[in-house]
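Peer 1: What follows is a single structure, and I will ask about it in a moment.
The values are calculated or read from the model by the stated rules, or taken from the named source; none is laboratory data. Please read these numbers as outputs of a predicted model, since none were measured by experiment. Cβ: placed from backbone, ideal geometry, glycine included. Neighbour counts: every protein chain shown. We work out accessible area using only protein heavy atoms, side chains counted, and drop any ligands, DNA or RNA first. Shrake-Rupley method; radii C 1.70, N 1.55, O 1.52, S 1.80 Å.
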Amino acid sequence: MSATSEVNQRPDYDLEIQRISDYVLNYRVESKEALETARYCLMDSLGCGLLALRFPECTKLLGPWVEGTTVPCGARVPGTSLRLDPIKAAWDIGCVIRWLDYNDTWLAAEWGHPSDNLGAILAVADHLSQKRIAQGDAPLLMRDVLEAMVMAHEIQGVLALDNSFNRVGLDHVVLVKVASTAVAAKLWGADREQLLSALSHAWVDGQSLRTYRHAPNAGSRKSWAAGDATSRGVCLADIALRGEMGIPSALSAPQWGFYDVLFSHSNKDLCLKPEAERRLRFQRSFGSYVMENILFKISFPAEFHAQTACEAAVALHPDVKDRLDEIDNIVLTTHDSAIRIISKTGDLANPADRDHCLQYMTAVPLIFGALNAEHYEDSFHRAHPEIDRLREKMTVVEDRRYSQDYHDPDKRSIANAVQVFFKDGTCTDNVVVEYPVGHRRRRDDGIPLLIEKFKRHLSTRFPPRQCQHIEQLCTDQAAFEALPVERFMAAWVI
């Protein structure tokens with residue numbers, strides 16, 4: 001019997017890893033629309049984080065790993081007095097931004113929330129700026145933060161366009177980890193070899209399962225998973241900057257790489273699918289497309305596939321609020337992604353379960369004319385059994401046109417329709433909302449509301465004078481871009 005052995009010839013880095021690295025190192029963000037949208041995204045994300053600080057289930061997770069730790073030039077966590085090492089600061093910032101499911105969204109073959117990467121961006125930029133000032137050097141500017149945001153959004157969003165990680169059971173935070181690793185390494189001044197190394201470790205790192213987002217295990221981990229991913233990105237970037245060697249074929253290595261281990265449904269699929277179908281697909285080149293087309297959650301802290309259903313329910317509230325006992329059936333017409341991700345029957349165990357239930361998020365505004373974070377809490381749910389009674393009367397159906405328009409790159413709609421039928425044979429109008437107020441097609445309507453949302457969230461944490469100071473810092477684009485990161489972050493300390 002003859003023995004065989006593998007040829008131990010170290011390959012070049014996977015082209016996909018090289019593509020991300022070269023984009024981060026060489027692309028210059030020139031789009032005024034992207035930079036302005038990034039400023040609004042930053043404002044909105046930090047405002048969402050402030051609102052999350054009202055919830056003890058979130059704040060109990062914040063702070064240093066070891067109590068009493070002092071960190072020179074520690075990165076600030078907005079809305080708190082915490083100064084942490086960049087890795088834990090990224091965890092905390094990412095956690096509060098994502099906690100209430102109220103920050104921006106990107107929907108495609110995969111979905112996610114690209115502003116989750118702000119954990120890494122702000123933590124590294126703040127820490128690095130303070131170090132530079134201490135050494136007598138110039139700090140980073142908020143323009144650097146905005147450019148890093150555009151790039152992180154682009155990496156996460158473009159990878160999501162044609163690559164469905166959820167279909168193989170992986171959580172979308174794999175893309176947060178990859179994008180955060182890339183921009184954190186760039187902010188720290190990585191060269192090409194260091195950036196390639198960092199990205200290879202992000203892919204080979206093992207990835208989160210979506211178990212905590214779905215029945216019967218939906219729970220609060222989905223609220224800190226992105227903070228964990230963006231923090232891990234900072235850690236891997238730091239390791240690479242220290243000279244750690246990379247793993248060149250982290251994606252494509254036969255049997256041991258990401259594609260063979262994690263990007264196929266099963267070993268049977270692995271054998272049957274052509275190799276090209278098991279690789280990441282790129283619908284477009286990296287640029288600033290994702291930031292320009294990002295979706296804002298303006299009206300509701302709710303999973304984005306339900307935003308238009310919530311709008312439709314609010315519109316129907318006056319017609320149904322006094323006839324709840326007369327309702328016979330409620331028809332929710334939606335798209336395939338909403339059915340797969342958030343359509344649920346049965347008991348809902350916790351707030352994280354409820355804010356990912358299409359029927360719950362439609363029932364509440366039908367009854368109350370609004371939907372806010374408190375509406376998901378156990379105490380509210382227990383006090384209003386009529387919510388579950390309405391859920392039991394709901395029928396969810398797919399409109400194939402809605403599903404097609406959801407994936408159409410020229411539309412990217414997130415359509416839902418709601419119609420209520422009464423026991424006497426009458427019914428409401430079928431209220432259809434194809435584009436939520438946070439969509440690019442409704443920017444003129446959405447941005448004033450986004451600013452009001454930001455001001456409202458500031459007031460939940462800061463006294464009026466500090467709110468006014470932060471608002472002034474964020475108002476003018478040119479002045480904002482020229483603002484030192486250290487000064488911006490200092491404004492958010494309590």
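Peer 1: Which pairs do you get when a residue that is within 15 Å of LEU195 (Cβ to Cβ), found in the stretch 245-263, comes within reach of a residue that is surrounded by fewer than 16 Cβ atoms within 10 Å (Cβ to Cβ), reach meaning Cβ atoms under 9 angstrom, with the pair 6+ apart or on two chains?
Peer 2: Every condition considered, the pairs that remain are GLY246/GLU193; PRO248/ARG10; PRO248/PRO11; PRO248/ASP12.
Peer 1: Looking at the stretch 79-90, is at least one residue without any contact (Cβ under 8 Å) to a residue 24 or more places away in the chain, open to solvent by 50 Å² or more (accessible area, probe 1.4 Å) and within 25 Å of SER285 (Cβ to Cβ)?
Peer 2: No, every residue in the stretch 79-90 fails to be without any contact (Cβ under 8 Å) to a residue 24 or more places away in the chain, open to solvent by 50 Å² or more (accessible area, probe 1.4 Å) and within 25 Å of SER285 (Cβ to Cβ).
Peer 1: Test ASP116 against the stated conditions and say whether it is crowded, with 23+ Cβ neighbours inside 10 Å, modelled with pLDDT of 95 or more, part of a helix (DSSP H, G or I) and under 9 Å from the mean Cα position of the chain (by Cα).
Peer 2: Considered against the rule, which asks whether it is crowded, with 23+ Cβ neighbours inside 10 Å, modelled with pLDDT of 95 or more, part of a helix (DSSP H, G or I) and under 9 Å from the mean Cα position of the chain (by Cα), ASP116 comes out as yes.
Listed here are the residues, each with its yes/no results for (1) assigned to a loop (DSSP other than H, G, I, E, B); (2) open to solvent by 60 Å² or more (accessible area, probe 1.4 Å); (3) of a type outside the set (A, V, I, L, M, F, W, C).
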| residue | (1), (2), (3) |
| --- | --- |
| ASP410 | yes, yes, yes |
| GLY438 | yes, no, yes |
| ASP445 | no, yes, yes |
| GLN468 | no, yes, yes |
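Peer 1: For THR181, which of the numbered conditions (1) open to solvent by less than 10 Å² (accessible area, probe 1.4 Å); (2) over 23 Å from the mean Cα position of the chain (by Cα); (3) among the hydroxyl-bearing types (Ser, Thr, Tyr) fails to hold?
Peer 2: (2)
Peer 1: Pull up the stretch 378-392, narrow it to residues that are open to solvent by 60 Å² or more (accessible area, probe 1.4 Å) and assigned to a loop (DSSP other than H, G, I, E, B), then point me to the one that is farthest from ARG284 (Cα to Cα).
Peer 2: Top of the filtered list is PRO385.
Peer 1: Report yes if SER403 is touching a residue at least 60 places away in the same chain (Cβ under 8 Å), assigned to a helix (DSSP H, G or I) and either in contact with an Asp or Glu (Cβ under 6 Å, 6 or more places away or on another chain) or on the phi > 0 side of the Ramachandran plot (or both), otherwise no.
Peer 2: yes
Peer 1: I'm checking my understanding of the structure. Among residues of the stretch 229-244 that are surrounded by fewer than 24 Cβ atoms within 10 Å (Cβ to Cβ) and of a type in the set (A, V, I, L, M), which one is farthest from TRP91 (Cα to Cα)?
Peer 2: The residue in question is LEU241.
Peer 1: Name every residue in the stretch 95-113 that is part of a helix (DSSP H, G or I) and either over 19 Å from PHE454 (Cβ atoms) or in contact with a Pro (Cβ under 6 Å, 6 or more places away or on another chain) (or both), in order of residue number.
Peer 2: CYS95, the sole residue that qualifies.
Peer 1: Do we find a residue being surrounded by 19 or more Cβ atoms within 10 Å (Cβ to Cβ) and closer than 24 Å to LYS222 by Cβ anywhere in the stretch 413-428?
Peer 2: yes
Peer 1: If the Cβ limit is 7 Å and pairs must be 6+ apart or interchain, which residue in the stretch 424-446 that is free of Cβ contacts under 8 Å to residues at least 40 places away in the same chain pairs with which residue that is aliphatic (A, V, I, L, M)?
Peer 2: Close Cβ pairs satisfying both conditions: CYS427/VAL420; ASP445/VAL437.
Peer 1: Which residues, counting only those in the stretch 332-352, are within 26 Å of HIS407 (Cα to Cα), open to solvent by less than 40 Å² (accessible area, probe 1.4 Å) and touching a residue at least 40 places away in the same chain (Cβ under 8 Å)?
Peer 2: LEU332, THR333, THR334, HIS335, SER337, ALA338, ILE341, LYS344
Peer 1: Can you tell which of ALA138, ALA160, ALA148, ALA152 is more than 19 Å from TYR13 (Cα to Cα), of a type in the set (A, V, I, L, M, F, W, C) and open to solvent by 30 Å² or more (accessible area, probe 1.4 Å)?
Peer 2: ALA138
Peer 1: For the stretch 447-466, give me each residue that is hydrophobic (A, V, I, L, M, F, W, C), under 13 Å from MET43 (Cβ atoms) and open to solvent by less than 40 Å² (accessible area, probe 1.4 Å).
Peer 2: ILE447, LEU450, PHE454, LEU458
Peer 1: Return only the number of the condition from (1) within 21 Å of TRP106 (Cβ to Cβ); (2) touching a strand residue (DSSP E or B) at 6+ places or on another chain (Cβ under 7 Å); (3) assigned to a loop (DSSP other than H, G, I, E, B) that VAL493 does not satisfy.
Peer 2: Just one mismatch for VAL493, condition (1).
Peer 1: Right, next: Cβ-Cβ distance below 8 Å, separation of 6 or more or different chains: which pairs start in the stretch 16-32 with a residue that is under 18 Å from GLN156 (Cβ atoms) and open to solvent by 10 Å² or more (accessible area, probe 1.4 Å) and end on one that is modelled with pLDDT of 95 or more and among the hydroxyl-bearing types (Ser, Thr, Tyr)?
Peer 2: What qualifies is SER31/SER288.
Peer 1: Further question on the same structure: Could you list, in sequence order, the residues of the stretch 134-157 that are small (Gly, Ala, Ser) and either closer than 14 Å to GLU36 by Cα or part of a loop (DSSP other than H, G, I, E, B) (or both)?
Peer 2: Answer for the stretch 134-157, where residues must be small (Gly, Ala, Ser) and either closer than 14 Å to GLU36 by Cα or part of a loop (DSSP other than H, G, I, E, B) (or both): GLY136, ALA138, ALA148.
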